[in-house]
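The values are calculated or read from the model by the stated rules, or taken from the named source; none is laboratory data. All of these numbers come straight from a predicted model, not from anything done at the bench. Positions of Cβ are generated from backbone atoms using ideal geometry, with glycine treated the same way; all protein chains shown enter the neighbour counts. Side chains are part of the model used for accessible areas, which takes the heavy atoms of the whole protein and leaves out ligands, DNA and RNA. Shrake-Rupley method; radii C 1.70, N 1.55, O 1.52, S 1.80 Å.
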Amino acid sequence: MKRSWVWNQFFVLEEYTGTDPLYVGKLHSDMDRGDGSIKYILSGEGAGIVFTIDDTTGDIHAIQRLDREERSQYTLRAQALDRRTGRPMEPESEFIIKIQDINDNEPKFLDGPYVASVPEMSPVGLIRTALMNMDREAKEYYEVIIQAKDMGGQLGGLAGTTTVNITLSDVNDNPPRFPQKHYQMSVLESAPVSSTVGRVVAKDLDEGINAEMKYSLVDGDGLDVFDINTDPNYQVGIITVRKPLSFESKKSYTLKVEGANPHLEMRFLNLGPFRDTTTVHISVEDVDEPPVFEPSFYFVEVPEDVEIGTTIQIISAKDPDLTNNSIRFVLSWSSDPGRFFYVDITSGALMTARPLDREDVSWHNITVLAMELNNPSQVGSVTVTVKVLDVNDNAPEFARFYEAFVCENAKAGQLIQTVSAVDRDDPQEGQHFYYSLAPEAANNPNFTLRDNQDNTAWILTRRSGFRQHEQNTFYLPILISDNGRPMLSSTGTLTVHVCSCDDDGMVMSCTAEAYVLPVSLSRGALIAILACIFVLLVLVLLILSMRRHRKQPYVIDEEENIHENIVRYDDEGGGEEDTEAFDIAAMWNPREAQLVVKNRQDMLPEIESLSRYVPQTCMMDNNVHNYVLAKLYEADMDLWAPPFDSLQTYMFEGNGSVAESLSSLQSVTTDSDQSYDYLTDWGPRFKKLAEMYGATDSSGALW
């Protein structure tokens, strides 16, 4: 069927910037007579959005800006319909609108900005250096802008640029150099080994591996005393102490230190040498050092029987300083808790202070301290090892308690026991013991001894016919001697029991059988014996009971009436001024004066509180005072004493007394009479006093 569409393939330029819609093309059907009866419809990609069509004329316009770089073509479909009936006049047809390119995009560098690294001093390359021998140490970073143009660079073409950051990488083209040619350092002579003395550093303008440094000592008089190490983090040389220093031996040292690059590049060797040296002067400073012992360790051997006070070693120490202060020696008691030794404070003589016993302590490790007299804080120490040598001072003795048995049917010459001995001594030639019967048992008729010469001995029977009822136990003394000088010996006792045995020699019983009472002993005699024993027991109990009864303290019966007695004295005491009226020495008990006085908790003694009113010139004699306090302490500490005691305090009278005179003879200072008639009103108990003081003589004096 002949196609009735009339249309062309459409092309349109991109980036149209006009104000009116961009005309694309025209669709036309040969059935269209121009009377408007045909209606054109557009569908497909961008229809109604990017492209529109005039449904009457079939003109196609672009209503949006087109960009070929975003989309290069559009596929659309067109159809002609009867406007009145809507019936398709022709089949739907597909066409393409292609977007034509214009030069609207400049060239672009996709990976910019670019970063490049070029070793300094590099030959020409893709990016050529404009200067010869470009030095990183002078300038490290460069920024290059590159432009790209399209259209072969013709007029009207577009251009794009990018940035290339170029870094000059380092090469080892700079040798190290010390900023100082001389270093001055100091170190204390007491500095420990491996301690730091000082640091040196060589500057290198390179970086990274090219700036790594290796320091070494190449010359000087301290090569064996000092050492140098390289710090890998900071590339500095650390000078350390290699051996102990002594200001008194050498006061200063000189070292020549070299710093070199370990990684070199052959093409830059002409810029070297890649090493440098410097001189280091080290001064040793003096310090107050503790005393030094010579030698630094002592080993002493001493026999255990050495006498107390014997000098076993002279300890020597000196002050290493130039001042050479005096030294004082002392023993560290923590190293000698048994106090076996003593050291002389000035001479350093180590002496024994107690008897030594190898069997108790065979080795002593003691520490002797030495300190300067002018500066006791400076203390040195040395170890003294004392080995106590053995002497023969212990007698041999049985290894254990020996107890043997012999059968009643034993024959002469039968072995009943093997004995051995031990000795706490340790002779160099070894132990050897000699056995024999003690002198008092040398002619023992029952047993004999055989020395085996191997530190053991056999005990043999000398006879047969042992009987339990005759003697069931024998004690055999054995003399044991050693081979020491002097020879020592001791006596051990072997206990031998007589036992009943069977025919094979097996023990059946070692206890003697009880004997039957004689027929002549009657029952009445037995009763009499038991009665006597009972009477004796009763007498013993009675005697013990009487003794216990005598020791019971006398306790006053509360119901018993206690009477008071008045004792009359015809003379008056002279107070504290009278020292001849009586002897107070009888009141003094030296034993009780040793007691520590402790006051009662329930009642405060008045003697303590009132004593402050008594002048010191009137205080009682110290013996009496201590005696009263001792008695008070005894009463306070006696928990079983009845609570009927009380403490009475009598103040002093006479000159200087707070109570003044208490004597009735001096109570009346005038000739006027004093009445004591009130005494008669006090009852029968004061009748005697009323009679005594109520009567007067012709002179009017009271008695």
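Packing here is the average count of other Cβ atoms within 10 Å per residue, and on that basis the peptides 365-372, 236-243, highest first, run 365-372, 236-243. Relative protection proxy for 536-542, 86-92, from highest mean packing down: 86-92, 536-542 (other beta-carbon atoms within 10 angstrom). Specify whether the C-alpha gyration tensor of region 164-274 places it in the rounded, prolate or oblate class, a ≥ b ≥ c being the square roots of the eigenvalues: rounded for a/c under 1.5, otherwise prolate if a/b is larger than b/c and oblate if not. Taking the square roots of the gyration eigenvalues as a ≥ b ≥ c, region 164-274 is prolate. Loop-located GluC sites (Glu not before Pro) in region 214-307 (DSSP state other than H, G, I, E, B) with a sparse environment of at most 12 neighbouring Cβ atoms within 10 Å: E307. Cα centroid separation, region 280-327 to region 24-70: 122 Å. Label positions at S190 and F297, each projected 7 Å from the Cα along the C-beta direction, are separated by 2.6 nm. State the percentage of accessible surface on region 221-379 attributable to carbon and sulfur atoms; use a 1.4 Å probe and exclude ligands, DNA and RNA. Roughly 52 percent, rounded to a whole number. Relative to the current alpha-carbon distance between F11 and V164, full extension at 0.36 nm per residue lengthens the span by 51.0 nm. Ligands, DNA and RNA are left out, and with a 1.4 angstrom probe the accessible area of region 276-383 is 50 Å² per residue.
The chymotrypsin sites (Phe, Trp or Tyr not before Pro) of region 332-430 that DSSP puts in a loop, and whose beta carbon has at most 10 other beta carbons within 10 Å, are F401. Could you please report the charge total around T279, scoring K, R as +1 and D, E as -1 over all other residues with beta-carbon less than 13 angstrom from its beta-carbon? So the environment of T279 carries a net charge of -2. Solvent exposure of region 396-515 amounts to 58 Å² per residue of accessible area, where only protein heavy atoms count and the probe is 1.4 Å. Calculated accessible area for region 1-90 comes out at 61 Å² per residue, all protein chains present (probe 1.4 Å; ligands, DNA, RNA ignored).
Each label was represented as a point 7 Å from its Cα along the Cα-to-Cβ direction; for S334 and N374 these points are 3.0 nm apart. Each peptide among 193-200, 141-148 gets the average number of other Cβ atoms lying within 10 Å of its residues, and from highest to lowest they stand as 193-200, 141-148. Quick one: Cα centre-to-centre distance for region 178-218 and region 338-417, in angstrom? The two parts, judged by their Cα centres, are 58 Å apart.
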